[in-house]
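The values are calculated or read from the model by the stated rules, or taken from the named source; none is laboratory data. Since we're looking at a predicted model, the values are computed, not measured. Positions of Cβ are generated from backbone atoms using ideal geometry, with glycine treated the same way; all protein chains shown enter the neighbour counts.
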Amino acid sequence: MSAQQQTLRYASAWSAYLDLTKPRIVTMVVVTGAIGFLLGAADDIAPLTLLCALGGIALTAGGSGALNHYFEADVDARMLRTRGRPIPGAAVPPMNALVLGVSLTLIGLALLVSRVNLLTAFLALLTTFLYVVVYTPMKRLTWANTLVGAVPGALPPVGGWTAAAGQLDLGAWVLFAILFLWQMPHFYAIAWIYREDYARGGFRMLPVIQPDGNRTFRQIICCSALLIPASLLPTAIGLTSPVYAVGAVLLGCWFMRAGLALARSADIVDARRLLRASVIYLPVLLLLILIDFAL
């Protein structure tokens with residue numbers, strides 16, 4: 001989507017403010033949080049607690065997104081793919097974005113503290129801190145920002161688990177590992193596609209500081225390979241059945257094949273295929289977990 005098309009989307013203030021919250025990311029956060037809750041609750045699912053947990057997690061995620069927009073407005077204005085976003089596109093004043101981000105985060109934390117538990121609220125606060133205070137400025141300093149940024153991206157299912165179980169169990173960390181490893185091929189594919197734009201914005205992404213792509217492709221292959229055994233851990237600890245495990249292996253091999261194709265060609269077309277594969281992989285894997293859980 002071009003900057004002009006993005007700006008046209010903000011004909012109404014509502015759409016601009018909604019976009020500040022990064023709704024696609026919030027959707028993924030809610031889905032993974034729900035998976036964590038269901039697995040953590042086992043057969044003792046409390047619907048009201050589930051709704052409050054997902055509401056609090058969604059609000060803090062949306063607040064984090066708005067704060068990220070606020071702190072990266074200057075960079076977004078320099079990059080072709082982001083210069084039409086709400087703040088650089090002049091659809092939302094920067095101070096409004098800051099107030100929205102802080103307000104949503106505080107409301108979400110208050111909901112988690114009052115209706116869920118302190119541990120889940122702490123994990124939501126930690127996610128916001130790592131994403132806004134650590135990961136956001138790190139993108140201008142070091143390529144390791146992707147590794148650090150994957151941590152808050154993998155915490156929502158952990159928060160969902162603690163909302164149901166009230167404690168951190170092995171299953172929560174298994175979900176964390178799957179989400180963490182999945183993000184590496186996903187975000188490195190994006191970084192490879194938009195490496196020139198990231199360089200224009202001053203982001204120290206790995207494809208920017210290593211233009212030949214060798215280290216980027218090694219990261220993609222290693223994490224894709226590790227994702228296969230990681231996706232089998234739910235079965236190893238008794239959360240899912242061998243039927244799920246078979247599907248996870250087949251899905252993981254298909255995903256890794258897309259990463260290997262990019263490593264061989266270093267072509268934008270294959271990077272887009274890997275990105276598409278990553279967008280398909282996670283929902284299908286989570287669906288397999290849900291189906292197995294229901295059966």
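Would you mind stating whether A163 is touching a residue at least 60 places away in the same chain (Cβ under 8 Å) and part of a helix (DSSP H, G or I)? Yes. Is there a residue in region 92-102 that is aliphatic (A, V, I, L, M), modelled with pLDDT under 95, more than 30 Å from V158 (Cβ to Cβ) and more than 19 Å from the chain's Cα centre (by Cα)? Yes, there is a match, as at least one residue in region 92-102 is aliphatic (A, V, I, L, M), modelled with pLDDT under 95, more than 30 Å from V158 (Cβ to Cβ) and more than 19 Å from the chain's Cα centre (by Cα).
Contact annotation: residue pairs with Cβ atoms under 7 Å, 6 or more positions apart or on different chains, pairing a residue in region 80-100 that is under 19 Å from G202 (Cβ atoms) with a partner that is charged (D, E, K, R) and crowded, with 16+ Cβ neighbours inside 10 Å, are L80/D197; R81/D197; T82/D76; R83/D76; R85/D76; I87/D76; P88/D76. Apart from one condition, I107 fits all of (1) crowded, with 19+ Cβ neighbours inside 10 Å; (2) closer than 17 Å to V26 by Cβ; (3) touching a residue at least 40 places away in the same chain (Cβ under 8 Å); (4) of a type outside the set (S, T, Y); the exception is (1). Among the residues of region 183-196, is any of a type in the set (D, E), part of a loop (DSSP other than H, G, I, E, B) and surrounded by fewer than 23 Cβ atoms within 10 Å (Cβ to Cβ)? No, there is no match, as no residue in region 183-196 is of a type in the set (D, E), part of a loop (DSSP other than H, G, I, E, B) and surrounded by fewer than 23 Cβ atoms within 10 Å (Cβ to Cβ).
Taking region 144-173 as the search range and keeping residues that are out of contact with any Phe, Trp or Tyr (no Cβ under 8 Å at 6 or more places or on another chain) and buried (at least 22 other Cβ atoms within 10 Å of the Cβ), which one is farthest from R24 (Cα to Cα)?
Initially, region 144-173 is screened for residues out of contact with any Phe, Trp or Tyr (no Cβ under 8 Å at 6 or more places or on another chain), giving 144, 147, 156, 159, 162, 165-167, 170, 173.
Now drop any that are not buried (at least 22 other Cβ atoms within 10 Å of the Cβ), which leaves 156, 159, 162.
Numbers: P156: 14, G159: 19, T162: 23 Å.
Applying the filter and picking the extreme gives T162.
The single condition among (1) closer than 14 Å to W182 by Cβ; (2) surrounded by fewer than 18 Cβ atoms within 10 Å (Cβ to Cβ); (3) small (G, A, S) that G238 does not satisfy is (1). Residue count for region 259-276 satisfying the condition of being in contact with a helix residue (DSSP H, G or I) (Cβ under 7 Å, 6 or more places away or on another chain) and in contact (Cβ under 8 Å) with a residue 24 or more places away in the chain: 9.
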